[in-house]
Amino acid sequence: MNNFLHKLFGTTPGQGVQPKEAIAYSVTGIGQNFICTIIGSYLTIFMTDALLFGASDVKIGIVDGAIAVAILMLVTRVFDAFNDPIMGSVVDKTRTKWGKCRPYLKWMAIPIGICTILCFLPVFSAKSVASFAVISVLYIIWSVVYTIADVPYWGLSTCLTNDTTVRGNILTVARLACTVGAGLVTVGVPIVTDAITAKYKYTDSAEHIALIMKDYGVDAEGATAFVGTVIKSMTDANANTLKWAYFIFAVIFVVVAMPMFFYGFKNTKERFTAEGEPPSFVHNIKLLFKNKELLLIVLSGILGGARMVYTYTGGLYFAKYVLKNEGLFGIITLLVVPGGLVASLLVPYLTKKFTKKYTYIFVHLFGGVVMAIMYFVGYDATWKLIVAAIGLILLGIPQGVNNIMTYAMIGDTVDYLEWKTGERGEGICFAMQTLINKIGMAVGAFIGVMSMAIAGINAETGFVESPDALWNVLILSGVISMFACAVPMFFYTVTEKRQREMVAEIAARKSK
């Protein structure tokens with residue numbers, strides 16, 4: 001087994017980073033994604049469907065409730081994203097006996113867990129402006145606390161090793177582990193919530209109304225008022241059940257995730273960190289703008305923020321309100337997994353054959369074509385849904401490559417920055433990766449909830465005014481984003497050969 005692990009990660013027995021560290025790093029990624037996904041995928045649903053801010057009669061000030069939730073998600077996550085460079089600078093200033101990145105895995109696990117649970121407290125009142133305000137504050141606090149651990153976690157990969165191949169292998173496994181963590185939350189939660197709320201689902205069909213009347217022994221004369229009362233009761237029960245379900249899920253995933261943070265802290269070692277006087281924040285920002293290769297990756301990530309929007313809130317709304325089964329959201333996300341898994345396993349080969357740069361470009365152009373076909377085919381027939389399912393499997397390829405490739409390329413830009421300036425700046429560089437992730441989450445949540453409003457979905461009754469509008473928003477935004485994110489990478493110049501040359505030159509300078 002030990003020989004297999006060394007071969008998997010490309011490590012050398014007794015020299016440098018070891019498989020035990022790579023595994024511990026990946027385990028932390030699973031826990032981190034339990035936390036990130038329960039907030040990123042379900043806090044929006046908690047607000048629109050459990051607290052009924054998505055109902056047609058709710059206003060937050062002068063804004064419709066659903067649009068207010070969309071604005072909250074966008075503004076908070078963009079605010080959070082631009083906190084990342086600040087946290088990156090803090091990491092670069094950190095000097096402890098444990099290193100500069102590892103301590104945050106130890107210090108921040110419990111605060112993150114507490115803030116996550118507080119966001120889903122079942123005591124919040126439905127349709128209450130006060131509840132909306134409190135959750136908004138808690139969510140902002142959560143975003144800051146999470147950032148304090150997220151930035152150093154990804155920066156740690158460059159502190160474990162400066163070998164681009166080994167680092168790429170470690171990040172490949174870590175991203176697969178993160179996908180597993182996110183997948184367990186994404187797939188499991190909607191299946192359970194759909195099952196436990198099935199008896200409260202209401203449709204306005206004559207058959208359903210007749211069943212309600214029959215169950216309660218009501219004749220036609222008193223039907224209208226009575227059925228209305230029963231429907232209101234069902235709606236309230238559905239919302240209350242969802243409140244408790246999301247709260248219990250938050251507690252479960254937090255309790256499981258916290259030890260994973262500590263495990264990663266205890267079983268890793270930092271070998272490559274900056275020495276000397278810690279840099280100032282202003283200095284770090286200047287460093288950032290000297291790293292033009294990194295800025296190209298950041299621009300690509302921002303342009304690609306909507307490429308996977310269907311795996312966020314919008315996809316769940318589509319499953320719940322158009323396909324009439326929110327458990328199908330798990331199927332939607334699972335369909336992406338085979339392509340993503342194959343792509344992830346092929347990353348080392350693709351990198352060697354085509355370089356990271358061209359692999360990244362080609363898979364996203366391919367993804368744009370696939371989504372364009374899905375858009376023109378549509379979804380309103382069984383054969384069309386089969387085509388869409390095949391498209392989702394194929395879309396796993398750019399998702400799998402992107403999940404690994406950007407981290408590896410940012411690791412290479414750390415070496416580029418050291419070669420160019422003599423300073424590594426792991427914190428500020430990997431802060432850009434977390435910034436990209438959060439911009440993507442912000443765009444995904446915003447488009448998802450806005451698609452709910454555009455499609456005329458009433459979270460209280462389940463009525464959908466325009467299912468086509470929901471489909472168009474989710475797919476077309478992905479088409480544009482897939483093509484757009486490939487453009488900046490044509491100007492990226494850090495190839496694998498050039499990275500190795502830079503590392504060798506850095507080592508030669510240090511030896512003198």
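The values are calculated or read from the model by the stated rules, or taken from the named source; none is laboratory data. Because the structure is predicted, anything quoted here is derived from the model rather than measured. Using ideal geometry, Cβ is built from the backbone for each residue, glycine included, and neighbour counts are taken over all protein chains shown.
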Next on the checklist: For the range 267-282, check the following and say yes or no: at least one residue is part of a loop (DSSP other than H, G, I, E, B), among the β-branched types (Val, Ile, Thr) and surrounded by 23 or more Cβ atoms within 10 Å (Cβ to Cβ).
Outcome noted: yes
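Yes or no, residue by residue, for (1) modelled with pLDDT under 85; (2) of a type in the set (S, T, N, Q):
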{"position": "Phe265", "(1), (2)": "no, no"}
{"position": "Glu275", "(1), (2)": "yes, no"}
{"position": "Phe289", "(1), (2)": "no, no"}
{"position": "Glu293", "(1), (2)": "no, no"}
{"position": "Ile297", "(1), (2)": "no, no"}
{"position": "Thr311", "(1), (2)": "yes, yes"}
{"position": "Val337", "(1), (2)": "yes, no"}
Checklist entry - What about Ala381, is it surrounded by fewer than 22 Cβ atoms within 10 Å (Cβ to Cβ), under 18 Å from Gly340 (Cα atoms) and at pLDDT 90 or above? => result no
Item to check | Odd one out for Phe46, checked against (1) out of contact with any Gly (no Cβ under 6 Å at 6 or more places or on another chain); (2) farther than 30 Å from Glu465 by Cα | outcome: (2)
Checklist entry - Any idea which residue in the range 152-188 is surrounded by the fewest Cβ atoms within 10 Å (Cβ to Cβ), counting only those that are within 14 Å of Cys36 (Cα to Cα) and among the aliphatic types (A, V, I, L, M)? => result Val180
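So that you can scan it fast, the table gives a plain yes or no per residue for (1) out of contact with any helix residue (DSSP H, G or I) (no Cβ under 9 Å at 6 or more places or on another chain); (2) within 29 Å of Ser280 (Cα to Cα); (3) not charged (D, E, K, R):
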{"position": "Thr44", "(1), (2), (3)": "no, no, yes"}
{"position": "Gly54", "(1), (2), (3)": "no, no, yes"}
{"position": "Asp64", "(1), (2), (3)": "no, no, no"}
{"position": "Phe79", "(1), (2), (3)": "no, yes, yes"}
Checklist entry - If we keep just the residues of the range 485-501 that are exposed (fewer than 14 other Cβ atoms within 10 Å of the Cβ) and touching a residue at least 60 places away in the same chain (Cβ under 8 Å), which is farthest from Phe366 (Cα to Cα)? => result Thr493
Item to check | Verdict on Gly264 being closer than 23 Å to Ile30 by Cα, within 17 Å of the chain's Cα centre (by Cα), small (Gly, Ala, Ser) and crowded, with 17+ Cβ neighbours inside 10 Å | outcome: no
Checklist entry - Looking at Ser89, Ser56, which one is surrounded by fewer than 24 Cβ atoms within 10 Å (Cβ to Cβ) and more than 21 Å from the chain's Cα centre (by Cα)? => result Ser56
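Give Ile428, Ile393 a once-over and let me know the one that is touching a Gly at 6+ places or on another chain (Cβ under 6 Å) and over 28 Å from Phe354 (Cα atoms).
Values: Ile393 fails: over 28 Å from Phe354 (Cα atoms).
Only one candidate passes the filter, namely Ile428.
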Item to check | Residues that are of a type outside the set (A, V, I, L, M, F, W, C) and within 19 Å of Ile135 (Cβ to Cβ), drawn from the range 57-82 | outcome: Lys59, Gly61, Asp64, Gly65, Thr76, Arg77, Asp80
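Have a look at Gly340, Gly301, Gly314 and point out the one that is in a helix (DSSP H, G or I), over 17 Å from Thr37 (Cβ atoms) and in contact with a Gly (Cβ under 9 Å, 6 or more places away or on another chain). Steps first, please.
On the way: Gly340 fails: over 17 Å from Thr37 (Cβ atoms); Gly314 fails: over 17 Å from Thr37 (Cβ atoms).
Result: Gly301 is the single residue among Gly340, Gly301, Gly314 that is in a helix (DSSP H, G or I), over 17 Å from Thr37 (Cβ atoms) and in contact with a Gly (Cβ under 9 Å, 6 or more places away or on another chain).
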Checklist entry - With the range 24-115 as the region, which helices (runs of 4 or more DSSP H) entirely inside it contain at least 3 residues that are at pLDDT below 90? => result 65-81, 84-93
